[in-house]
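Okay, structure first, notes after.
The values are calculated or read from the model by the stated rules, or taken from the named source; none is laboratory data. Predicted model only: the values in this text are computed from it and were never measured. Cβ sites come from the backbone with ideal geometry, for glycine too, and all protein chains shown count toward neighbours.
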């Protein structure tokens, strides 16, 4: 900048200019250094609770997505839903399958500075076993009997019966390891607003229902986290999320409906990530309510619906017609299929059940028209209202009158889980996402019979499906450690369930998220989670 | 004047009381169990009971009512099941974006609506008046959310000119303001036009003309000031529309104001929050009316107030 | 205009002739007012479409063709097809019924409730008036949309909730206007004359006061009908309102939001329909105001 060899005295103007440039460079550098690298994720569901217990993680999947960043678990999933080590580096099972020994990672600290050890694991396991504190996900935790500290870095988990899915439970969001010290200091429910885990990012600020800001945890056992800040924002509207991503105001978005995804395809600034999901959609059938207690009628419903066309056309190619009660890459899935689109066959089956066309072409029996009450949410499941209308029309085409009731997404779960005599629906749209990736979890939650059918279901068997063979197959699968044998048992159960048609089977949607092209390391798990734990700027 | 002001302020209290009572009763009539809805479908009975207790729903209705009234002067607008605390701070946090939107809408209305009305009045009967009147009636007929969608489609989607999401910058105010104020601009233009027309025929204007004063002076000094009075009243009267219209527009633009808070709370079944926001809207409306009346009383000293 | 004594035959004929001449003059005045005529034509067209909707719509309101979703406008489908392959043109035509009925019903019910209240308050004045107006002012404090959302949340989705919500928000306004007009009319000579002649309160109100208050009321009702269309559409847009697959315009706009980029045509037709209908009501009301109440 200065030229001492120059003959001319260095002009004041030049000096000032030089100083000015230097100042700008300094400030610029400082500014660039001072400005934290931030990745912002606009989520479709609001986060209202950051703790793993007390019925938390209800707002699926948003709470889980933040939880996977703040907390670590003994084991975790990778992008293909395989189990990989996290806080436990290795493990063995005893020969009777009842005791699992985990060897823990050394040198791990909680975000409040306290050390992570076997005692902490025992604390967490016992906490989540307690049905008063862990009010949801019971099927995942009930089989666990207790935990034992062997030495500071070795812990044993004991189960009542051989529990094949233990690792899936430990990798689940509820398997998060929280700091016992923080619980003792701040109270049992403090994790809701003051989470303390061992993950790469810790809490900076939290506005429930609006925004979570995380900052890098400098003592993270895995080294320096990739960015300085992670921000999670609640943006309920899909168009808005897409607009924000386009404008560069956010870096990651989730839950993109197909009609918006296709418009993002050609954009060089945006990377689309689409992964087939684990949630088969369908209409749960109230199997207790005549005439739906008749197998012919239920099967007729399945023949009447153009499942393939719906998957291809309504979802613009981002879905596939289901061929089993489980999704394609759920563990234990077996292709069964059948129930092709055949309205003639549907009418045949209905006629066999005594329903014949009346004067106005609608089906009648003993003078009563066949009328079904259909419940659908709005904005809860992909394409819900559209699919509901298509299915209703298909049923009307074979002579069944359908009345649609649309419920806003906040109140929908309530309508699904009523006692039997208060059930207002004949068919209700529903899809279950086994958030631990296991087919046993799904079959268990949806198709194992309710101990008391009159009461709301203990898990999600809202159809009141009851088949003793399925019960024994699934219960056996739960205690079968060998994966092949387990898959076999599940396959048999799936076949029985599929053909018994407690659902109008529909489609499996792809889970579509997107990032700016300069963001890498974002994973989309088949369980509908968009994981930003390893996200970094290129 | 002072007594009038005090009298008007004092009158707000019984009115507010009745409004609050009405709203309270209205939201107690909602079907379904809000405690269960907030607790979630898989919660244990004990959790539902807990939330019910938090929301105060396990007490008889008159006790709930009394507690609610007691809490109001202390700034407690009800226990929000979602935010797990007093609804008031949450609402206050969401106020600035809405106030910014309303403020810029009123500003735009005055900047465009008033001149449009004046121009229209001065050109009565000819093409300019006709065109403006046509635009006015058009803007009164277009649904504001559709206008918003078209604006987004044109300026944000097709041509990436303006932001359409959230309160990211001052520029983000442009599209939502246009959507909210279109109707108000039309109403104000029309009102300004007719009051200008009326004033231009008044005796004192004729007298001023007869005295030979410059035409523009007459218009801008005398007529305008008097024509603005009904305009102020109109803006006040339309405040209700503004508040309501902002709800729908906030939803469309993901604007983080109390309108969006309200819609989200309805969806999340947080009725105490919805109730609190309705109370705020109504009190706000009452205050705006009061301000309008006071300004009116100041500007037009010929008013008789009892 | 009302005669105060019993006229004899020749006088009656004179009066009758004068009246029909006045009618013809009024009609000519009306026809010369562009707002009134344009608005009237628009409304007429919409009413006809609503009545003949089933005939005019080429496809049913719910005729789906899921192999042809989101088709651009073409001869077969002038407004295109929606996300499940339904003809938008047919749905817009059928939607006329819903928007018109919501508007007409809400305003009618609002009038049935509000006008008598306003009449009573205005005629009797005094304490009754203060109380009624106080209550009405309080109802008017809550913004229309907010009150409508609250009511629909309580009553539940469907046409009933919509109509109730909108009527409840309009009745107070109509009451206010009625009352104001009654105050003016009360001072008129013929009212005190009718009272002096011994007419009962009800008679005076219905025979003399009410007919002379019609003009501003009808204007207001017409303009409110337009607003009812907008509020109904807004509620439909927010998802509160009719159940699928009802072809209501506001709901169609709400479901079309995500398609602004992919298939903008989905939201253009319903939006224009709403605007035109409201325009019709506005123009007609303005025209009426020009004729009947130019200083109002």
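Some points to look at:
- Tallying residues that are in a helix (DSSP H, G or I) and within 19 Å of residue C:240 (Cβ to Cβ) within the stretch A:399-415 yields 3.
- Hey, residue A:101 more than 14 Å from chain B (Cβ to nearest Cβ), in a strand (DSSP E or B) and either more than 25 Å from residue A:161 (Cβ to Cβ) or without any contact (Cβ under 8 Å) to a residue 12 or more places away in the chain (or both) or not: no
Matching residues to (1) crowded, with 19+ Cβ neighbours inside 10 Å; (2) within 14 Å of chain B (Cβ to nearest Cβ); (3) over 24 Å from residue A:516 (Cα atoms); (4) within 24 Å of the chain's Cα centre (by Cα):
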{"residue": "A:213", "(1), (2), (3), (4)": "no, no, no, yes"}
{"residue": "A:238", "(1), (2), (3), (4)": "yes, yes, no, yes"}
{"residue": "A:245", "(1), (2), (3), (4)": "yes, yes, no, yes"}
{"residue": "A:280", "(1), (2), (3), (4)": "yes, no, yes, yes"}
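- Restricting the stretch A:337-353 to residues that are surrounded by 15 or more Cβ atoms within 10 Å (Cβ to Cβ) and in contact (Cβ under 8 Å) with a residue 60 or more places away in the chain, the residue that is farthest from residue C:240 (Cα to Cα): A:353
- Entry remark, the stretch A:281-322: residues being free of Cβ contacts under 8 Å to residues at least 60 places away in the same chain and in contact with a strand residue (DSSP E or B) (Cβ under 8 Å, 6 or more places away or on another chain) number 2 in total.
- Residue in the stretch C:56-75 that is assigned to a helix (DSSP H, G or I), under 33 Å from the mean Cα position of the chain (by Cα) and under 23 Å from residue C:233 (Cα atoms) present: yes
A quick yes/no check of all residues on (1) modelled with pLDDT of 90 or more; (2) farther than 24 Å from residue A:42 by Cα:
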position: A:125; (1), (2): yes, yes
position: A:144; (1), (2): yes, yes
position: A:154; (1), (2): yes, yes
position: A:199; (1), (2): yes, no
position: A:207; (1), (2): no, no
position: A:213; (1), (2): yes, no
position: A:221; (1), (2): yes, yes
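- Here the stretch A:250-269 is the region considered, the condition is being touching a strand residue (DSSP E or B) at 6+ places or on another chain (Cβ under 6 Å) and within 13 Å of chain C (Cβ to nearest Cβ), and the residue that is nearest to residue A:374 (Cα to Cα) is A:256.
- Residue ID - nearest to the other protein chains (Cβ to nearest Cβ), chosen from residues in the stretch C:70-109 that are surrounded by fewer than 20 Cβ atoms within 10 Å (Cβ to Cβ) and touching a strand residue (DSSP E or B) at 6+ places or on another chain (Cβ under 7 Å): C:70
- Screening the candidates C:139, C:162 for the property of being at pLDDT 70 or above and more than 10 Å from every other protein chain (Cβ to nearest Cβ) yields one hit, C:162.
- Conditions (1) more than 13 Å from chain B (Cβ to nearest Cβ); (2) surrounded by 19 or more Cβ atoms within 10 Å (Cβ to Cβ); (3) modelled with pLDDT of 80 or more: number failed by residue C:127: (2)
- Candidates in the stretch A:511-521 are the residues that are surrounded by 24 or more Cβ atoms within 10 Å (Cβ to Cβ) and out of contact with any helix residue (DSSP H, G or I) (no Cβ under 7 Å at 6 or more places or on another chain); of these, the one that is nearest to residue A:239 (Cα to Cα) is A:513.
- In this entry, residue C:145 passes the filter for residues that are surrounded by 15 or more Cβ atoms within 10 Å (Cβ to Cβ) and either at pLDDT below 90 or in contact with a helix residue (DSSP H, G or I) (Cβ under 9 Å, 6 or more places away or on another chain) (or both).
- Which listed residue is in the same structural domain as residue B:247 (by TED's automatic domain parsing) and surrounded by 16 or more Cβ atoms within 10 Å (Cβ to Cβ), from B:134, B:55, B:140: B:140
- Restricting attention to the stretch A:130-182, the residues being surrounded by fewer than 18 Cβ atoms within 10 Å (Cβ to Cβ), away from every other protein chain (no Cβ under 14 Å) and closer than 19 Å to residue A:51 by Cβ number 1.
- One residue from C:260, C:279 being farther than 20 Å from residue C:101 by Cβ and within 11 Å of chain B (Cβ to nearest Cβ): C:260
- Taken across the stretch A:459-474, residues that are closer than 30 Å to residue B:268 by Cβ and buried (at least 23 other Cβ atoms within 10 Å of the Cβ) do occur, with at least one present.
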